[in-house]
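Quick note: the coordinates plus some simple rules give every number you see, no bench work behind them. Everything quoted here is computed from the prediction, not taken from an experiment. Note: ideal-geometry Cβ built from the backbone for every residue, glycine included; neighbour counts use all protein chains shown.
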Amino acid sequence: MEAMDEIVAEFLVESHENLDQLDRDLLALERSPASPELLASVFRTIHTIKGTSGFLAFHQLERLTHVGENLLNRLRDGAVPLDEDRLSALLRLVDVVRYLLRTIESTGEEGVCDLDGLIGQLTALLQDVGTGSRGDSAPGEDSSAPGEDGSAPGEDGSAPGEDGSAPGAGTGSRGDSAPGEDSTASGDGTASGGSSAAGAEATPAGGSSGTARSRRGQRSRRKPSTGGPQAPAADAADAADAVGAAGAAGGSAPEPATGSPDPLGKVLVEAGATSPDAVQIARMEQELGDSRRIGHILVDHGTATVDAVTQALEVQDSRRSVVDSSVRVDVELLDSLMRLVGELVLARNQLVSRLDDTSSDPALTRSAQRLSLVTSELQEQVMRTRMQPVDTAWNKIPRVVRDLAKQCGRQVRVAMEGRDTELDRSVLEAIRDPLTHMVRNAVDHGIEPPEVRRAAGKPEEGVLRLRAYHEAGQVHLEISDDGAGIDPERIAAKALERDLVTPAQLAQLRPQEIIQMIFLSGFSLSKEVTNLSGRGVGMDVVKTRIEGIGGSVDVVSEVGKGTTFRLTIPLTLAIIPALTIGCEGRRYAVPQVSVLELVRLSGEHARGGIELIAGAPVYRLRDTLLPLVRLDEQLGLAPVDPERGEDDDVRGGFIVVLQAEQSRFGLVVDDVLDTQEIVVKPLGRHLKGIQVYAGATILGDGSVVLILDAATLARSANVLHGATAQATEQVSTEAGTAEPVLVVEVGSGRRSAIPLDMVTRLEEINTSAIERVGGREVVQYRGHIMPLVRLADLLGTSTEILDEDRVQTVVYTRGTRSVGLVVQRIHDIASERCGTRSDVDGHGFLGSVVVGDRVVELLDVESAVLAADPTFFSAERAEPDPHRPGDLDEEVLA
Amino acid sequence: MTQLSTFHVGAYLFGVEVSLVQEIVRLPSITPVPLAPPEIAGLINLRGEVLTAVDLRVRLGMHPAPSTQDQVNVVVRLDDEPVSLLVDEIDGVMALDRVPFESTPSTVPERVRELLVGAYTLPDRLLLALDVREVLRIEDARVA
């Protein structure tokens, strides 16, 4: 019995996959109704489900798929055209099959479901209206059709009977041979008494699906239903001589559209690279005992070129599916693997941070570094096992769009870009619903009805574009339509009507900012509520969900041109970069995604720089007012007192500028410590209710640190500052300018940013070309002597022992003089997301910038250049700058 | 067979059912959680797992221990969630089948009595059996 359950489970998994494929194929068919491959693929899928459901005695399912198969067969034969009605009926069929499978999954049985309506519809569609096709090539279907219609139960009973599982069937003359035969063949055979076209064609199809199963070690169990067709599949496998013979025939499972990969010879002939005769000769040689591969033989005979064979192999490979080289793994297992790797990363961090303090044993340090590298690698690889292409979240969208477009009378084409962009499956799960919602919105509210589009001079068919790509360690998703766009005036009117904003606030907002108000809760634009979207729980829910996984969403729209939603989401949820900060002597972590920039409060700028507007603290940041939240007050560690005394004014500290829930605000903290990758751990039930914490984590030194929830803090900020502040914030959001920087790795994973305008060239220099002159490293570079400075030494970072024969160098040139800054690795050119913070990090740095989602130190290029060549700027400056830090002067003297 | 893991808190000897106790561990560092109810001493790192620590002294209405005092974590597992109970000192494990069990005497303060199943009258002293579920039911008025 247990073995049976296993078979059913496998059947369900396989069928669900097949159904997704089916949806896609059917929609593709709508575009190219004549494609025989697509029809064959659809037929095969339905056929497989039918066969297995008959074997497993799911009679309703079998009955339904049987009719569907008949229809497909007629379509394939060209007996009836594939029109709108037939396609819709087939899509309905897929839905019902899916429903039945779900029922089987949850209850173990098919349940009772009235299929007669759909079966009747499908049966009726077997006839090509207007042409008397009765009596042509498929008498089987014709004669069975009325039977199915009128006496469904009787027909129902006889079909499984052919498979030899239901007692008392025994109608068919071929009942005895049925177990070895495919059920389609027998089903048609009963009616026609002869071998119909369907039966004959079904055989290879059954064969390929049969092998697909047998690869999963079920050969013996499935034998009754696959025994017959096994032979042709095996033939095909023999012929496909290049690789993995057994797998080749089963390649159709995840990618039925392409069917079994063709033998190499056939591919070559198709490509015109060789003649059928040459292939025939090569085949014969193989049969005579030549063990070489067919490509090899052809090349030896001079009947095909090496290039052509290589090319053909690639073609063959692409037709082969990934299934051959993959295994199914339980997601639970991956999750626990991920957890363990998280722990390993923590343990590694702890070890490394201890070693930094007491590194006396070089061998130990080296092993620790090795461990560190391997751990990072492992983390990356394990992360990859959980990665899935975004397509798994997208593949239902064309169907959703089609149904919705039909329903609301739109013509929509879905275009997808970057379908294979991978992201963590937990993230994928989290974005699935918001994505569907946005797509629905785009079709329902975005794209106009055809007549409106025509009047506007646009093509009647609207385009819904989905785009995904990786950038700066994050995944970017765009959903754009070329529809009517969002009219800021309508939004504004609506917002006023709903009291979401005051006229005074509105006056300060720019159109793009007004559009962002669609994310406010209780905002719905639809004039009349449709059953698909427009219930007022729309975009705010999307936003909350996306922010819940540490992502962000925004919208750009132009009236008459269209709307684009941009989602930025983290690659994974398990390990996140976080900024650790100090407050009242304790440490806290803030997820780096919400950190925009850091501002130091020191000297005369200390907390005296905090002003009060209507009792609420604010800070002037680049001419905009930033509302502030004091962390010590938020955590109840200091009394809430806006009029803090003089003592507080001279206290130093930092403002961490955070972005969450549509608002930008500053969190006043005592100290900013560093950035770490952390594993988020949930809090116990006693602390879950405290919303200001998103969880806890364990830092490298083993101490537990609470993770602050930026969204909750943002709400406090909003409560403190009210809507006026929000308006101010929105104006200031755009203030940051993006300056390109070159991100380099200095050593030990430490990264620095170099302003791109300071970079003249990037060079790889042979280590052998480096000479030492007066304790300095120099190379000959473009006819001049170029001094080198190793940034790792300059910045006091340990490097792994460099045994490479080339070093990466960033060249800085002014006039004829150049200096080379030696780095470990050139990383990326990125736009620094916001302004810099000054004089924070001691010598060698100008401050820090946020690049992507990390804080990176901004290199003080001038002092680095001076370290290599103290006289570098002397042409411009008569004497050395007296403000240079003393230790640099010492280095100059050394 | 009833076995209690016993420990001292303040002047009392308490016990919790041995089967609920996952382990007993002395950990130096504890991370306080601002805004948490006063009974919550903070968070501890138990081999990579973050656990909430309940200060039994506070829970039982006593003054918190002076910070210099090294408290012991009795890690109990209830509803599959481990929680640490901070106690002053560990006593041991007692088999109590032959020890008379009584309802909590009225001399025990009200606040403590609510958290007890009853008391075992040992020859020389009283062993108070804690109702762990009750102990961990910490309401917090400040959490909205």
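Details
- Chain B shape via C-alpha gyration tensor axes, a/c threshold 1.5: prolate
- Listed by chain and number, the lysines placed with their C-alpha closer than 20 angstrom to that of residue A:50 are A:223; residues fewer than eight positions away on the same chain are left out.
- Gained length - residue B:93 relative to residue B:81, 0.36 nm times residue gap less alpha-carbon distance: 2.1 nm
- Order of A:539, B:62 - criterion: other Cβ atoms within 10 Å of each residue's Cβ, fewest first: B:62, A:539
- Fewest-first ordering of A:686, A:47 by other beta carbons within 10 Å of each residue's beta carbon gives A:686, A:47.
- The GluC sites (Glu not before Pro) of the range A:428-475 that meet both conditions, a loop assignment by DSSP and at most 16 other Cβ atoms within 10 Å of the site Cβ, are A:460, A:461.
- The lysines within cross-link reach of residue A:561, meaning a Cα-to-Cα straight distance under 19 Å and a gap of 8 or more places when in the same chain, are A:458.
- Counting neighbouring beta carbons within 10 Å and listing from fewest to most, the residues A:583, A:408 come out as A:408, A:583.
- Shielding by partners for peptide B:35-46, expressed as the average number of C-beta atoms from other protein chains within 10 Å of each residue's C-beta, is 5.
- Estimated inter-spin distance, residue A:37 and residue A:271, nm [label 7 Å along Cα→Cβ]: 1.5 nm
- Full-extension gain in nm, residue A:334 to residue A:6, via 0.36 nm per residue minus C-alpha separation: 116.0 nm
- Coordinate range along principal axes, alpha carbons of the range A:331-385, Å, largest first: 43, 15, 10
- Near residue A:463, the amide H atoms lying under 5 Å from its own belong to A:413, A:482; only residues 5 or more places off or on other chains count, and H is placed 1.01 Å from N.
- The mean number of partner chain beta-carbon atoms within 10 angstrom of a residue's beta-carbon across peptide A:586-594 is 1.
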